[in-house]
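Inspection log for the structure reproduced underneath, given as structure tokens.
The values are calculated or read from the model by the stated rules, or taken from the named source; none is laboratory data. Quick caveat, the model's predicted, so the values are computed rather than measured. All Cβ positions, glycine included, derive from the backbone under ideal geometry; neighbour counts span all protein chains shown.
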Amino acid sequence: MTRRTGEEDAMADALRAAAAEAALEHGPDYVVPQGFERYTAEDHATWVKLYERQHTLLPGRIVPVFLEGLDALGIHPTGIPDFRDINAVLGRTTGWTIVAVPGLVPDDVFFTHLANRRFPVTFWIRKPEELDYIEEPDAFHDLFGHVPLLMRQDYADYLEAYGKAGIALMGEGMLHRLARLYWYTVEFGLMRTPDGLRIFGAGIASSPGETRFALESASPNRIGFDLGRVMRTRYRIDDYQETYFVLDGFDGLPSLAVEDLRPVLAAIADAPDLDPGDVLAEDVVVTRGTGEYARQRAAKIPN
């Protein structure tokens, strides 16, 4: 382990202070400057460690267009990218940009950004002692995990439509349904490909443990994607998922036009919510999980 110089310590403190200040002084859209020049050598080294670890694991496990997106955007193990460089490529490819934010943003702000083809990316990166777990998304999760697939037009259009659906359904008590859809596709989705099941969710793509677990563990269920089923299913925010939903390629992404969503939402309005590990008789089961991981975890939690 290398020690930071006093100058590097001061820069690290300045970045943390900037994050705290930005959280208080952002505008109504929560957008703040990335502050690229404030990143320390340690920040860049953390990015390199995270990148190299995931880039070793992902080939053969993730949809190939993800890796192509990394290369096309110039996201490499040389340090945290400058958002301006990313936007120069992303904007002319799919019309999207990324914007720096201090962290998680309110639903209405998030939907508005997506509807206008802007993806919010947290500007700060985790500390070295948080390599394996961090409570909220950081620059590595947001940029490495999410942005490469925005180079693919149909996926980019899906996120834009998600934002527009969120705006349309605000105040109708449906946002928990949309949150589940985002969770089980954008964050933790799997996809059938000619070469077998592959990851496309950012929450898996940015996690070494879940990269292996989602595809290779016997514990979780892997169930064919069904829009209504997904929007009824609760999820885990603090551990690996008990169920992953599998799309039939990018063509399997559902239409999120409000006129297409409303009949589905009406059909499930009175249906009970489902627990994360539930399997229904009508499910198209790709893999019926043993549930062993969830049982072991539950046994360790004190009553």
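When the residues of segment 107-131 are narrowed to those that are in contact (Cβ under 8 Å) with a residue 60 or more places away in the chain and part of a loop (DSSP other than H, G, I, E, B), which ends up surrounded by the most Cβ atoms within 10 Å (Cβ to Cβ)?
For segment 107-131, the residue satisfying everything is Phe123.
Could you identify the single residue in Thr93, Thr46, Thr97, Thr56 that is among the hydroxyl-bearing types (Ser, Thr, Tyr), in contact (Cβ under 8 Å) with a residue 12 or more places away in the chain and under 14 Å from Phe144 (Cα atoms)?
Only one candidate passes the filter, namely Thr46.
I need the full set of residues from segment 71-90 which are out of contact with any His (no Cβ under 8 Å at 6 or more places or on another chain), aliphatic (A, V, I, L, M) and in contact (Cβ under 8 Å) with a residue 12 or more places away in the chain, in order please.
Ala72, Leu73, Ile75, Ile86, Val89, Leu90
Does any residue in segment 221-239 that is in contact (Cβ under 8 Å) with a residue 60 or more places away in the chain come within less than 6 Å, Cβ to Cβ, of a residue that is crowded, with 17+ Cβ neighbours inside 10 Å and among the hydrophobic types (A, V, I, L, M, F, W, C) six or more places away or on a different chain, and which pairs are these?
Arg222/Val246; Ile223/Phe245; Gly224/Val246
Could you pull out every one of the helices (runs of 4 or more DSSP H) wholly within segment 197-303 that has 1 or more residues that are surrounded by fewer than 19 Cβ atoms within 10 Å (Cβ to Cβ)?
208-216, 227-232, 258-267, 292-300
Take segment 63-86 and flag every residue that is assigned to a helix (DSSP H, G or I) and within 28 Å of Gly249 (Cβ to Cβ). Outline the logic, then answer.
Here is the first cut: in segment 63-86, the residues assigned to a helix (DSSP H, G or I) are 64-73, 83-86.
Listed by number, the residues that qualify are Pro64, Val65, Phe66, Leu67, Glu68, Gly69, Leu70, Asp71, Ala72, Leu73, Ile86.
Would you say Gly60 is part of a helix (DSSP H, G or I), modelled with pLDDT of 95 or more and exposed (fewer than 14 other Cβ atoms within 10 Å of the Cβ)?
Here the answer is no, as Gly60 does not meet what is asked.
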